[in-house]
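K.L.:
The structure that follows is given in the form of structure tokens.
The values are calculated or read from the model by the stated rules, or taken from the named source; none is laboratory data. These numbers were taken from a predicted model, which means no experiment stands behind them. Cβ atoms come from the backbone with ideal geometry, glycine included; neighbour counts cover every protein chain shown. All accessible areas refer to the heavy atoms of the entire protein, side chains included, with ligands and DNA or RNA removed. Shrake-Rupley method; radii C 1.70, N 1.55, O 1.52, S 1.80 Å.
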Protein chains: 2
Amino acid sequence: MKNKQIILKSRPIGTPTNDNFEFQAIDIPTISKGEILIKSKFISVDPYMRGRMNDSKSYVPPFELGKALDGGVVAEVIESQSSKFQKGDYILGNLPWKIYNQANENKVQKISSLIQKPIHALGVLGMPGMTAYFGLLDITNPQPGETIVVSGAAGAVGSLVGQIGKIKGCRVIGIVGSDEKAGYITHELNYDQAFNYNTCKDLKTTLREVCPNGIDIYFDNVGGTISDAVISNINFGARISLCGQISLYNAKEIPVGPRLQPVLLTRSALMQGFIVKKYAERFPEGIQQMGQWIKEGKIISRENIISGFDNIPDAFLGLFRGDNIGKQIVEIL
Amino acid sequence: MKNKQIILKSRPIGTPTNDNFEFQAIDIPTISKGEILIKSKFISVDPYMRGRMNDSKSYVPPFELGKALDGGVVAEVIESQSSKFQKGDYILGNLPWKIYNQANENKVQKISSLIQKPIHALGVLGMPGMTAYFGLLDITNPQPGETIVVSGAAGAVGSLVGQIGKIKGCRVIGIVGSDEKAGYITHELNYDQAFNYNTCKDLKTTLREVCPNGIDIYFDNVGGTISDAVISNINFGARISLCGQISLYNAKEIPVGPRLQPVLLTRSALMQGFIVKKYAERFPEGIQQMGQWIKEGKIISRENIISGFDNIPDAFLGLFRGDNIGKQIVEIL
């Protein structure tokens, strides 16, 4: 039984590489009263982590150089000195990228009984699922018959947003980076239409064709020129939920583009940035509802699983190459 | 007794000039049953009219080439064939730029008894006043102790926004284009601080100095680089009310600038465009409240009055030179 961790070796300038990470052999921690020893089972890699690799102020503090990166982890309790947890329990926590961690009993939570598959605690019934649920419903209040455009539509969040939009009676269009993804979200996920931004002739023209009634709601995961094209086609009273800007995360200079305020102004549109933590008190509602929709077959979730602790950095880097369909997870065997 | 009108002779490319307007002598209209003959007393010139000079879709249709421009007008009834109006009544309407107009009795309204000075129907108790009231209160929901920044702070809307912000217990900072305006809004209008963007050393640095606790609310009348600097200093949970973008209205090409979404995203900020018409049903509330504040001396309004029908184009062009302090009005003697 050996332990390992992944530390931030250097801060990336531009696109991160394997060189920014370092693997270290470490001891398995010992635990004292009120603590548990846990073994990581599923580790979540998420685009927002790119921001934490920079030394800049944001809504989460930056990763520290020379220390283990951290994020959402589902782990199994191996040993417990806590009355709250028993050996074999599955827990969810924000934990360092280590195979074995010790954790204070108050810093992690048992996976809710509403969540039947532990891996879902990192996806459809976890942070990405709650992001899709509240980021769409609370910010944009979709009405039947409205047109929703989702960028990054085959990703962890986007793949759920479109399905929720369909449940609400909207017409849903997905923008993706490959034909495989376009096929997946239209054939498997109930998206009305999808197109590949890498191969479509012209973004604005394509959007006008697939959205003949304009765009009422835009759920933005990517930013950049894709968002420019979408926003130029929004309707009066449109709502834009700003969830991610993955196309800009690796920019080396401050990205510039057409100014948006004139469009937002003349179309009385709303643009709202959010982080899902804001809705923490309402997560039980979101988990209950999403769980119900899964049972009813109205929401399909997919995890893109890579095996092996050593593959965590590459799984993370793959997010920026667009490797994943659905939620990217690393399984630790 | 002679009549005149001002027509749109040509559409401006870039900054409009006198050449875009043409004066024409016309007959005084005759009226039939259900109509009134009115003489213009006060004509409003407003920045949003620049957009109507272009042949492009917006929230109001463009002015037509060869036809009289139109806008907010306070007029006196000269002759009435309507049971709703009597000679001597003052009315408010959206009317062509003519000295004499005929109007259908259902297309204009008597000035509300809540409005004691008719000129106020075009300013503090009219469109600009309602824009300030609802654009600030409804969109940004200011809380005591928060910091509000207003651009175009000495203009028709901006001069009111700051005063409403002070009534709500906020710290209010104004950005203006001259030292005279800065002095006016701090000495006369209760703004906490103001600075001249033409002479301050660096916008971002100046903003950091005058807003040591960051910016919670931005009421944007101008757009462009001023707004870039403000938005780079917003706090988590900030709200931006998009009222105008006067610095961009005369742009010949699509203006570009730093992308805003990353800032809005990481600071969970809201940006909302609006037009005041949306609040039409609540105007009585706004007029009543603003009128009350005027009586209590909490709101001071100022009109920048130019006399003479022939000066309308120049009064309009002056908006883009920053000539006016307060609401720009042309009085027809």
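K.L.:
From the label point of B:S58, set 7 Å from Cα along Cα→Cβ, how far away are the matching label points in the other copies, in nm, ordered shortest to longest?
P.N.:
B:S58 label point versus its equivalents elsewhere: 3.7 nm.
K.L.:
Please give the FRET efficiency for B:I13 paired with A:K9, using the beta carbon to beta carbon distance and R0 = 41 Å, rounded to the nearest 0.05.
P.N.:
0.15
K.L.:
Something else now. Would you kindly find the accessible area of A:I167, with a 1.4 Å probe and non-protein molecules such as ligands, DNA and RNA excluded, rounding to the nearest 10 Å²?
P.N.:
Probe radius 1.4 Å; accessible area of A:I167 about 50 Å².
K.L.:
Starting from the amide H of B:R11, placed 1.01 Å from N in the peptide plane, find each other amide H under 5 Å away whose residue is 5 or more places distant or on another chain.
P.N.:
none
K.L.:
Computed on alpha carbon atoms, what radius of gyration and Dmax characterise region A:166-311, expressed in Å?
P.N.:
When restricted to the Cα atoms of region A:166-311, Rg and Dmax are 17.1, 51 Å.
K.L.:
Here's another thing I want to ask about it. Roughly how far apart, in whole Å, are the Cα centres of region B:185-203 and region B:206-236?
P.N.:
The two parts, judged by their Cα centres, are 13 Å apart.
K.L.:
What's the average, rounded to a whole number, of partner chain beta-carbon atoms within 10 Å of each residue's beta-carbon in A:251-259? Walk me through the numbers on the way to the answer.
P.N.:
Details: counts 2, 0, 1, 6, 4, 4, 7, 6, 14.
Counting Cβ atoms of other protein chains within 10 Å of each residue's Cβ and averaging gives 5.
K.L.:
Now, a different point. Would you kindly calculate the translational diffusion coefficient of chain B, applying Stokes-Einstein with the Kirkwood radius from alpha carbon pairs, for 37 °C and a viscosity of 0.692 mPa s, and quote it in µm² s⁻¹ without decimals?
P.N.:
159 µm²/s
K.L.:
Still on this structure, please answer the following. What nm value, rounded to one decimal, do you get for the distance between B:N198 and B:V256 when each label is placed 7 Å out toward the C-beta?
P.N.:
Distance between the two pseudo-spin positions: 2.9 nm.
K.L.:
From the phi angles alone, apply the Karplus equation (6.51, -1.76, 1.60; θ = phi - 60°) to region B:168-174 and give each ³J(HN,Hα) in whole Hz, x where the residue is Gly or Pro.
P.N.:
Using θ = phi - 60°, the values come out as 7, x, 9, 8, 10, 10, x Hz.
K.L.:
How many lysine pairs in region B:1-102, separated by 8 or more positions in sequence or lying on different chains, have Cα atoms less than 22 Å apart?
P.N.:
27
K.L.:
Treat every Asp and Glu Cβ in the protein assembly as shown as -1 and every Lys and Arg Cβ as +1, leave all other atoms uncharged, and give the resulting dipole magnitude about the Cα centre to the nearest 20 debye. Provide the component values of the computation, followed by the final result.
P.N.:
On the way: 72 positive and 64 negative charges, 119 e Å.
For this selection, approximately 580 debye.
K.L.:
How long is the gain from A:F320 to A:L333 if the chain were fully straight, where each residue apart is worth 0.36 nm and the alpha carbon distance is subtracted?
P.N.:
The span from A:F320 to A:L333 would gain 2.2 nm if fully extended.
K.L.:
Using +1 at the Cβ of each Lys and Arg and -1 at the Cβ of each Asp and Glu in chain B, identify which of B:S241, B:G152, B:N196 lies farthest towards the dipole's positive end.
P.N.:
B:S241
K.L.:
Over chain B, what relative contact order in percent results from Cα pairs under 8 Å that are six or more residues apart?
P.N.:
Across chain B, relative contact order equals 17 percent.
K.L.:
Then there's this: In nm, one decimal, shortest first: how far is the label point of A:K107 (7 Å from Cα along Cα to beta carbon) from the matching points in the other copies?
P.N.:
7.3
K.L.:
Which ³J(HN,Hα) values in Hz, rounded to whole numbers, follow from the phi angles of region B:139-150 under the Karplus curve 6.51 cos²θ - 1.76 cosθ + 1.60, where θ = phi - 60° and Gly and Pro get x?
P.N.:
For region B:139-150, the Karplus-derived couplings read 7, 10, 6, x, 10, x, x, 6, 9, 10, 10, 10 Hz, x marking Gly and Pro.
K.L.:
Take the alpha-carbon centre of region A:251-297, take the same for region B:8-80, and report the distance between them in whole Å.
P.N.:
Going from one Cα centre to the other spans 42 Å.
K.L.:
Total Å² of accessible surface buried at the B-A contact, 1.4 Å probe, nearest 100?
P.N.:
Summed over both sides, the interface buries about 2800 Å².
K.L.:
Additional query: Hey, can you grab everything whose amide H is under 5 Å from the amide H of B:G257? Only 5+ residues off in sequence or another chain; H modelled, so Pro and N-termini drop out.
P.N.:
A:G257, A:R259
K.L.:
Give the long-range amide H neighbours of B:I99: residues separated by 5 or more places, or on another chain, with amide H under 5 Å away, using H modelled in the peptide plane at 1.01 Å from N.
P.N.:
B:K4
K.L.:
Quick one: label points 7 angstrom along Cα→Cβ at B:G14, distances to the other copies in nm, smallest first?
P.N.:
Spelled out, the distances from B:G14's label point are 3.8 nm.
K.L.:
In sequence order, what are the phi-derived ³J(HN,Hα) couplings for region A:235-250 according to the Karplus relation 6.51 cos²θ - 1.76 cosθ + 1.60 with θ = phi - 60°, rounded to whole Hz, with x for glycine and proline?
P.N.:
For region A:235-250, the Karplus-derived couplings read 8, 4, x, 5, 10, 10, 9, 8, 9, x, 9, 4, 5, 9, 4, 9 Hz, x marking Gly and Pro.
K.L.:
Something else now. Among A:F85, A:Y59, A:A25, flag the residue with its Cα farthest along the positive direction of the charge dipole of the protein assembly as shown, charges on Cβ as +1 for Lys/Arg and -1 for Asp/Glu.
P.N.:
Checking the options against the dipole of the protein assembly as shown, the answer is A:F85.
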